[in-house]
Structure formats: structure tokens, C-alpha cells
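The values are calculated or read from the model by the stated rules, or taken from the named source; none is laboratory data. Please read these numbers as outputs of a predicted model, since none were measured by experiment. Here the Cβ positions follow ideal geometry from the backbone for every residue, glycine too, while neighbour counts run over all protein chains shown. To get the accessible areas, we keep the full protein, side chains included, count just its heavy atoms, and leave off ligands, DNA and RNA. Shrake-Rupley method; radii C 1.70, N 1.55, O 1.52, S 1.80 Å.
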Amino acid sequence: MSKNVVIVGGGFAGISAAQKLASSDVNITIIDKTNHHLFQPLLYQVATAALSPGDIAMPIRAIFRRQKNVEVVLGEVTNIDKEQQSVQLKNGHSYPFDYLILAPGAQYNYFGHDEWEKHAPGLKSISDALDIRERILLSLEQAEQIADPKERQPYLTYVVIGGGPTGVEMAGSIAEIAKRSMMRDFRNIKPDETKIYLVEAADGILNAFEEPLSKKGQKTLEDMGVEVLLNTPVKDIRKNGVQIEGRFIETPNIVWGAGVVASPLIKRLEVETDRIGRAVVNPDLSIGDHSNIFVAGDAAHAKDKDGNPLPGLAPVALQQGKYLGELIKNELKGRSRKDFEYVDKGTMATIGRAKAVADVRGFKFSGFFAWILWGLIHIFFLIGFRNRFRVFAEWIWHYMTFKRGVRLIAKKDEES
Ligand SMILES: Cc1cc2nc3c(=O)[nH]c(=O)nc-3n(C[C@H](O)[C@H](O)[C@H](O)COP(=O)(O)OP(=O)(O)OC[C@H]3O[C@@H](n4cnc5c(N)ncnc54)[C@H](O)[C@@H]3O)c2cc1C
């Protein structure tokens, strides 16, 4: 009888594992609490009105339309029974497995201040991105209607918390909107009135990059008009602003990008976890002595060949998913397992139009060439020809016209 492979999470790890098993005689069930696979590295472009949600997300059913051994289930997994070999969903359904791949990703960490989330949303889902986009657009509309420059200042102020790639991309993109592209359409606001702060608790930004590149990233952001506040832990976040040491920055526009924790589902596994809640996995990504239960992607703490933990990046999740698909395929043919080995092909971050930093196998570069390479790689890894074509066309359009196309405000209520 065919084996049941249950995959929790239709992100980079889950999708690539299922695709690798396309030609195998197994029944695959992919369970995700959303109906789409999301290309998170481009979410900030939805939040800053450069791309539409449909450009970077694809229904999971559509991805597997032709792969007959896959069943897609929309539902949230709430428990895992390791002994009975089944997963339970919130709606009470359960799915038995012979092999389980858990790839539920991560979520933002507010370091014990969950109450900050409603004022400073993180960028993790399509609805987060649309929420942030509406805040930015509504804020500009409000500023346009206030005659006194002092009174309108908070509406023209943006605070991004966290100097990792997401925070840097977000701050750079807001600077482009607020200092240039959208301002032409507002009659009363001057581009130099806008203030963008990137707040970071550590003494540098882009810490995953070595010194010349992280400094270069900071300088590029500053040249674009972003004020980078280093060694600045956030003390409090309220509806109308951010409290830092000795100063309150008044603004309704706050974005959180300051750290992640693994999906809470990992706790249900009752295995060893690291300080950010990731399951500590064996070299073949299985957990403890359960050789048929694996954790992959952002939810896994796996090590590289020098014993250092692998970062929460899309290529790590993709390679782990492919590896697990291959492992199951081989095992069903009676072949033995090999350990997972991550191939690091480089790290990149974009800062704005024609500006990026890249470290590709020790070759460090920045500027226009890094940005082109960043763009090509992101287009290549997007799922679906239509999405690739549309994103490419949108980028060419922005590059030539400086215009942001997706600027509709859908829900204008009192609270927003
Ligand atoms: C804004 C942002 C920008 C990023 N930029 C980059 C970048 O430039 N380069 C890079 O390499 N990486 C980047 N990353 C990181 C990268 O996106 C992640 O490393 C990658 O998505 C991890 O893949 P994954 O498969 O582990 O999880 P995910 O892609 O997060 O997928 C997890 C899936 O599991 C589902 N799920 C979660 N819990 C449950 C549950 N209980 N039941 C059912 N389904 C569940 C979710 O709905 C989701 O579809 C970025 C991340 C973010 C948020």
C-alpha cells in the first residue's frame, strides 16, 4: 500500500518537498492554514504599493493541479500525536501519516510585549502587507489635509523597527515613496517633510553581512534620507508613536521587523528547542528517535558543517524540502539516508531602486549590479510563469517611471 506523507505548511520547504515526490508512489497531503504559497521576500513590495498580492502568492491547489499524488487541505494543525502517527486540525479532523514533514515557518517576536503588535504590525502575511500599505496611504491622505506643518509631521513620519534585511528593505522602499514617487500626486506635502527612522538595538544593521557591506547598506539608506538609530532599543510602542531612550517619536506608521520565533506548533512536538523555539533536529532533519517525523525551514534548528545554526532563509527551507522529498523517495526504494548539507550560494539584500548589497561565495559587491542580480534571482524563484512575467513588467515600469501602481485604499474606517 502507498505510504501517507503529511506535509504541514505550504511554504518554501513544504512545497519543494512535495514537488520532489512528484513521481513517487506515495499519498501526499499538504495542510496549510492559508490557501496560498507566499513569496515572503517580496512582501515589502506589496506593503509599499509596488506589487499586488496576486503577484507574489499562488494558490497551493494551483501549484499541484497536475501532481496527482497531492491532496491539499485548508486547515490549521493544532496537535501532533507522535505515537499514534497523526496530526489534528482545529476543525477536529485528523490525518494519519507514515512520514510527517513539519514546515510551519516562523512568526514575529515582540519579546514579551505582544500588546505592541496592534500598533506595530510585522510583515508576514498578505493581510499584514495590505494593512501596512493602507496605513501608509491613509497617513499621506491625512497629512495632505492638515495645513499646519507641525501638526501634520506625525503623519509624515515612519518608524521601522529592526535593522535586518526586512527592516532595511522596508525603510528603503518607504523612503522612495515618501521622498519621491508618490509625492508628485500630493499638492500640499513637500518630500523633505517626511522623516523615516530605522531603529536597531544593536550597533549595526544588516548584521548577517560582513563589515564593508553592512556599512555600505547603512550609508546607502542614509543617502536616501533614512535616519538610522543604532544602539536604540525600543522602550514602548503606543498607538501614536514609539518611545526610545530620551525621546518619543510621534507617528501612526510603525512597522515591526525585529526578530522571529518558530511557529508555536513546534511546542506540541515536545522536543528540544533553541532560544527562538526552533526544533533541534538530527542531521537528517528528523527529531529525537522518531525517524519518520521531520522539521524543515524556519521552524528547524539544523547545523551547517561547522556546527553553526542555519539561518531562517528561503534557500535553506527550499534545500531542506528538496532533501526530505529525496530522502523519502530513496528510502522507499530501500536506500539508506545521507545527512542534510546546506549549500550556501550567497546572501543579498536590496535597499532601494538600483541599490542592493550581495555576498556571493565571498565575492562582495553592491549597487546596480547587485540589484540586477537580486531581481533576477527573485524572479527565478517566484512560482508561476504569470507571476514572473507580471513582476518583471511591474519592475521595468517602476524603474522607468518611478510610479507605484497599487495605491488603492480598500477599507477606510474610523479606526484606520
Ligand atoms: C518580510 C520577509 C522578507 C524576507 N526576505 C527574505 C529574503 O530576502 N531572502 C530570504 O532568503 N529569505 C527571506 N525571508 C525568509 C523566508 O521567507 C523564510 O526563510 C522562508 O519563508 C521559510 O520557509 P518555510 O517553508 O520554513 O516557512 P514559510 O514560507 O513561512 O511557510 C510556512 C507555511 O506554514 C503555514 N502554517 C503555519 N502554521 C501552520 C499550522 N499550524 N497549520 C497549517 N499551516 C501552517 C503557513 O501558513 C505558511 O504557508 C523573508 C521573510 C519575511 C517575513
Within the stretch 361-375, tally of residues that are out of contact with any helix residue (DSSP H, G or I) (no Cβ under 8 Å at 6 or more places or on another chain) and either within 16 Å of the ligand (Cβ to nearest atom) or aromatic (Phe, Trp, Tyr) (or both): 10
Among the residues listed as GLN84, GLN107, GLN67, the single one being within 13 Å of the ligand (Cβ to nearest atom), out of contact with any Phe, Trp or Tyr (no Cβ under 8 Å at 6 or more places or on another chain) and not aromatic (Phe, Trp, Tyr): GLN107
Checklist (1) among the polar types (S, T, N, Q); (2) within 11 Å of the ligand (Cβ to nearest atom); (3) surrounded by fewer than 24 Cβ atoms within 10 Å (Cβ to Cβ) applied to GLN45, failing item: (3)
The stretch 21-35 - residue that is closer than 30 Å to ASN330 by Cβ and open to solvent by 10 Å² or more (accessible area, probe 1.4 Å) and, of those, farthest from the ligand (Cβ to nearest atom): ASP25
Residue selected from the stretch 320-357 under the condition without any contact (Cβ under 8 Å) to a residue 40 or more places away in the chain and under 20 Å from the mean Cα position of the chain (by Cα), by the criterion nearest to the ligand (Cβ to nearest atom): MET348
Top-ranked residue in the stretch 142-172 [being of a type in the set (Gly, Ala, Ser) and open to solvent by less than 10 Å² (accessible area, probe 1.4 Å); ranked as farthest from VAL357 (Cα to Cα)]: ALA143
The lone exception for GLN319 - which of (1) touching a strand residue (DSSP E or B) at 6+ places or on another chain (Cβ under 8 Å); (2) surrounded by 21 or more Cβ atoms within 10 Å (Cβ to Cβ) it fails: (1)
Entirely in the stretch 123-204, the helices (runs of 4 or more DSSP H) that have 1 or more residues that are free of Cβ contacts under 8 Å to residues at least 40 places away in the same chain: 126-144, 149-152
Residues (under 28 Å from SER16 (Cβ atoms) and surrounded by fewer than 17 Cβ atoms within 10 Å (Cβ to Cβ)) located in the stretch 241-270: GLY259, PRO264, LYS267, GLU270
In the stretch 352-387, the residues that are more than 22 Å from LEU206 (Cα to Cα) and open to solvent by less than 80 Å² (accessible area, probe 1.4 Å): ILE379, LEU382, ILE383, GLY384, ASN387
Strands (runs of 3 or more DSSP E) wholly inside the stretch 54-110 containing at least 3 residues that are over 26 Å from the mean Cα position of the chain (by Cα) and modelled with pLDDT of 95 or more: 94-96
Residue in the stretch 278-299 that is nearest to TYR323 (Cα to Cα), counting only those that are surrounded by fewer than 19 Cβ atoms within 10 Å (Cβ to Cβ) and in contact with a strand residue (DSSP E or B) (Cβ under 6 Å, 6 or more places away or on another chain): ASN292
